[in-house]
Amino acid sequence: MDVQGELRSRAARARVDAARLQRFAAQVAAVERVAWESPAAALFRLRADERAAALRSLARRVEGLAQHLDALAVDVRQASERRR
Amino acid sequence: MSIDVSGGAGGIAASLTDLDLAVVVLRRTGCGVGEVSASILRVAVDPVLLGAGLVVAQHDPGRALEAGRRILELEAEALAVGGLRGVAGEAAALMALAEGVAGSVTAYRAGEAATAAALGRLQDVAMSAAAAALPVLLLAASVDVAVEGPDGALRRLDQLVFRHPWLVDTAAGGLDGLLGSLGPDGPGPAIVLGAAAALAGLTWPPRTEEEAVRILSGLASLGGGLDEDSAWAGVDVSPGVTPVGRAPTAPSGVAGLIEDAIDLGMGDPGRVRVVQVPQADGSSAWILQLPGTQVWEPRPGPDPFDLSTNLEAMTGEATLAAAGATVALDRAMAAAGRAGQDDPVMLTGHSQGGILAAALASSGRFRAGHHVTDVVTIGSPVGRFPIPADVTVLSLEHAQDPVPRLDGIPNPDRPTWTTVRRDLDDGGPAPDPDRARGSTAGGAQPADAGAPAASAPAAGALAAHGAGRYLVTAREVDAAVVAGTSRSLDAWARSAAIFVGHPSPAVVTDYHLVRSRTDPVVVRDR
């Protein structure tokens, strides 16, 4: 596989990672639905909510990485075409 | 005087189970996020990026600088996102949250166990002290009887228990402590109690509440009472009859179950009721309604729902009452062509009826032949019965009712066992039980049945046990189910929906049970 293909492959893998993080965020958000009711439960829900939000934010950043990799692949393709 | 719901799907045990699952999810997610972190960090050091920079520099030198900047930014972002301030840090935070929750759950369970053990020891200590003070207590009781008369003394005791129901918990939970104090190292009754222990097949002193109750049962047997084996060999079960005046429909809810219990208490003694609730798929759900105590004589007579059955069922012994009720259920199922069909069965009863329901649900032999899915107990001491966790239990108790406290422990808090407690004490003076009596301590007497008892003000402890007062509580439970105010009751209602709350027709059949000295002999094995 050439460099451009390698970069596209890395971008695809980053998107898979981003999707995994989104899925993990949903799983963490689901643990908020415990039957437990108390001030400590409220704190637990707050912490779980923070973790889920952080994972969603990181997923977006990993998606951004994938776009960077795609952009770099475009640069490589254009440079190769300019040579021809 | 609202109801208090504990246990069940919204109870502490359910919460802890939820948290156990949450810990598993958080740990698994933490591991997965860690894998993602490694994947992202590999981008930061990937030689493909360097190769890309070289390709651009070689073929398009004018854009080499911009490509180099883009690559450096990409590497920096991959390091930031994948590193400790990003995904790797998030993996660590998730693992920390999981371990924090796991530690809290473990600590809570250890605290619960330690508290239960400490309370058990306190009960034993209290009853040991009571044993030491027994002569003084007996003297005080004698003076009370002499001054107030037997009725007056009983009334004072009734009001004392109503105001201080925890006394029953202490007495019941500390029974082993009490008997232990009266043992060989204590005063007089040592020889008799030792003999009773031997009769019960136990060693002295008792180590648990169950052993203490069995020894007391053995003690009664020494006097020729409370032992149905001594005089009766089996139980006759009459052909089923359709009860007069009972609409052929499924019970309306918990209140409908108690109305059946009241009905059984008002008619001929010795009856059990089987309600067949046909289902849309052609199968049926079955309710076995068991009556409360009907005879308080210490010597067992023909009616199997008596004092001896109370004691034997509480100590895990097989009873003719339970055996006869099983025959009645089997006959009803056979008559409907549903024998051996694995139809769901609900066992229910007030007072002794609840004890028998719990005893049958705890019986491996009974469950082997019947698919027990639900148990509803009303004012019954059932906390020590080993009812399997896959059986849904609903227990109604009044805070001032001494009977459900007789086992000395609270009902288990688990996702499938919901306990509804109602406090009848409005803080005012306890009315004279002679005027406001709702029932005897036994099953549903006629006074239990009607609205007067149900709407009467809080009376003494015995009245707090009346089925009529439980009918009011049951209506509150049914209202809470409709309002959806309790997660535990909602879960119970879903489980019980095949039995109660149907406007659909049902087949209601009563069977009359009488102890017999000869045939038919029911095999008595639990």
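The values are calculated or read from the model by the stated rules, or taken from the named source; none is laboratory data. Note that this is a predicted model, so its numbers are computed, not measured. Here the Cβ is made from the backbone with ideal geometry for all residues, glycine too, and neighbour counts use every protein chain on show. SASA here: full protein model, heavy atoms, side chains in, ligands and nucleic acids out. Shrake-Rupley method; radii C 1.70, N 1.55, O 1.52, S 1.80 Å.
Observations on the model:
- Filtering A:A30, A:A25, A:A18, A:A42 for residues that are more than 10 Å from every other protein chain (Cβ to nearest Cβ) and aliphatic (A, V, I, L, M) leaves a single hit, A:A42.
- Any hit, the stretch B:460-479, residues being modelled with pLDDT of 90 or more, away from chain A (no Cβ under 14 Å) and surrounded by fewer than 16 Cβ atoms within 10 Å (Cβ to Cβ): yes
- Of all residues making up the stretch B:286-316, the number that are among the aromatic types (F, W, Y), part of a loop (DSSP other than H, G, I, E, B) and either within 22 Å of the chain's Cα centre (by Cα) or closer than 14 Å to B:L513 by Cβ (or both): 1
- Pairs where the first residue, in the stretch A:53-64, is under 10 Å from B:V81 (Cβ atoms) and the second is β-branched (V, I, T), C-beta under 8 Å, 6+ apart: A:L58/B:V81; A:L58/B:V87; A:R61/B:V81; A:V62/B:V36; A:V62/B:I40; A:V62/B:V81; A:V62/B:V87
- The stretch B:302-331 - residue that is among the hydroxyl-bearing types (S, T, Y) and crowded, with 24+ Cβ neighbours inside 10 Å and, of those, farthest from B:H371 (Cα to Cα): B:S308
- Single residue of B:M314, B:M333 found to be more than 19 Å from B:D510 (Cα to Cα) and of a type in the set (A, V, I, L, M, F, W, C): B:M314
- Against the numbered list (1) part of a helix (DSSP H, G or I); (2) of a type in the set (F, W, Y); (3) open to solvent by 50 Å² or more (accessible area, probe 1.4 Å), A:F24 comes up short only at (3).
- Residues of the stretch B:1-24 satisfying the condition of being closer than 17 Å to B:T392 by Cβ and at the interface with chain A (Cβ under 7 Å from one of its Cβ atoms): B:A9, B:G10, B:A14
- Residues within the stretch B:81-98 that are surrounded by fewer than 19 Cβ atoms within 10 Å (Cβ to Cβ), more than 8 Å from every other protein chain (Cβ to nearest Cβ) and part of a helix (DSSP H, G or I), tallied: 4
- Residue count for the stretch A:64-83, restricted to those that are more than 9 Å from chain B (Cβ to nearest Cβ) and open to solvent by 60 Å² or more (accessible area, probe 1.4 Å): 2
- Residue count for the stretch B:63-73, restricted to those that are within 9 Å of chain A (Cβ to nearest Cβ) and surrounded by fewer than 16 Cβ atoms within 10 Å (Cβ to Cβ): 2
- Just one of (1) more than 19 Å from the chain's Cα centre (by Cα); (2) assigned to a helix (DSSP H, G or I) fails for A:L55. It is (1).
- Odd one out for A:V31 among (1) modelled with pLDDT under 95; (2) among the β-branched types (V, I, T); (3) touching a Gly at 6+ places or on another chain (Cβ under 9 Å): (3)
- Residues of the stretch B:38-45 include none that is at the interface with chain A (Cβ under 9 Å from one of its Cβ atoms) and not in a helix (DSSP H, G or I).
- From the list B:V24, B:V43, the lone residue that is at pLDDT 90 or above, closer than 27 Å to A:L58 by Cα and open to solvent by less than 30 Å² (accessible area, probe 1.4 Å) is B:V43.
- Scan the stretch B:260-284 for residues that are surrounded by 21 or more Cβ atoms within 10 Å (Cβ to Cβ) and either without any contact (Cβ under 8 Å) to a residue 40 or more places away in the chain or on the phi < 0 side of the Ramachandran plot (or both) and the total you get is 14.
- Here the condition is being in contact (Cβ under 8 Å) with a residue 40 or more places away in the chain, buried (at least 22 other Cβ atoms within 10 Å of the Cβ) and at the interface with another protein chain (Cβ under 7 Å from one of its Cβ atoms); of B:V56, B:V33, it holds for B:V33 alone.
- Condition broken by A:A52, with the remaining ones in (1) facing chain B (nearest Cβ under 9 Å); (2) closer than 30 Å to B:A107 by Cα; (3) crowded, with 19+ Cβ neighbours inside 10 Å satisfied: (1)
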